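Structure record follows, encoded as structure tokens.
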């Protein structure tokens, strides 16, 4: 369930495009591409804790591609299906509804990688991309997740399981910080937010095995995203790249995300470093507002293909 | 370094028994809801099966003596710091992966 009132402008078995109207019409619409791991409801848990509503308050109408449970779709899907077919459909519907030719995309975690692959295929539909907690260099030194995955026989596992159970993925991420999870489970006060969060955590979608395997190969096993980002940098984008990084992200380490700084040469890039962890930055009110303010100002800035990297501002705390 | 399955099985059983005993003895504790998370974690410990994890297990056994949220916070921070460092250790990563791969094999045979 999403907390904020919205309209489903397009629906098919694998995803819905949801439209959350701006509360004032002062800023350009945004298209959010969420990860295939866990559900996008974390962006709109309650009226008080809603990343999407905060963007609405700043004048952005938000279009969200909400991925469905794979098993409910009844089809086998590949990574390319997502990036070249489903995202294409979702963006087309968004452009049609908004009357725009191109739209600014906000990619969250793996959603940023999906958006990168999509934008390379259909650059004319994307005016710019902001990333939140997205990994680019999957083989940085202290990346615990990367170091584990490289040693695990993931192809064998996916051959056996087919679609990968969402609950297993959740347990895997918890296994990276079990003690912190225990403390938060106990110490967080009961209430609407905790109940909504627990519900979100306990209902992760299964992920299509073929899709996940391709993603693991592109990322953790072959580390292809730096090259893909370099290609994307050659496309004509209207705004600088914006890279929002949580300082204490244990799933996407700072170095993995901050690698974007050295990969973007042609365009300018703004980095915004915020306190918190992979999910915590959406839950903390101050951080959430900082991020949304930064995204809002980013949509007002124009970039030029001729702009030199040396003219851009350095990465900084929000 | 290969995990010693018998040692790990024993360790897992001890931890599970300890946790169950404490939870049964403290039914009204606000920490009782934690049982599921703890169980998942102890199963994880059991699966990971690595000698160094005994240090964490000893830390975990101190859980029963905690009597305030602040103590729990300190305990979880200490344990997490140790565990995070452990995650960077190559032998631990290999043990983790070995368990995962064994689980895959178990699924295949099942």
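Where a number appears in this text, it was derived from the coordinates with a stated rule and is not lab data. All values derive from a computational prediction rather than experimental measurement. Glycine gets a Cβ as well: all are built from the backbone with ideal geometry, and neighbour counts include every protein chain shown.
The alpha-carbon atoms of chain A define a convex hull whose volume equals 120 cubic angstrom per residue.
Each principal axis of the Cα cloud of the range A:81-168 was evaluated for its coordinate range; sorted largest first, these ranges are 47, 30, 22 Å. Legend: ranking of residues A:177, B:73 from fewest to most surrounding C-beta atoms inside 10 Å; resulting order B:73, A:177.
One-quarter of the Cα convex hull surface for the range A:121-163, in nm²?
Working: hull surface 21.2 nm².
Dividing the Cα hull surface by four gives the mean projection, 5.3 nm².
The ranking of A:199, B:76, A:268 from fewest to most other beta carbons within 10 Å of each one's beta carbon is A:199, A:268, B:76.
Per 10 Å bin from zero, what fraction in whole % of the C-alpha pairs of the range A:141-215 is there, up to the bin with the longest pair? Pair shares across the bins are 16, 40, 29, 14, 0. Legend: Rg and Dmax of the range A:1-107, from Cα coordinates, 13.5, 41 Å.
Among A:265, A:295, A:244, the ranking by other beta carbons within 10 Å of each residue's beta carbon, starting with the fewest, stands as A:265, A:295, A:244.
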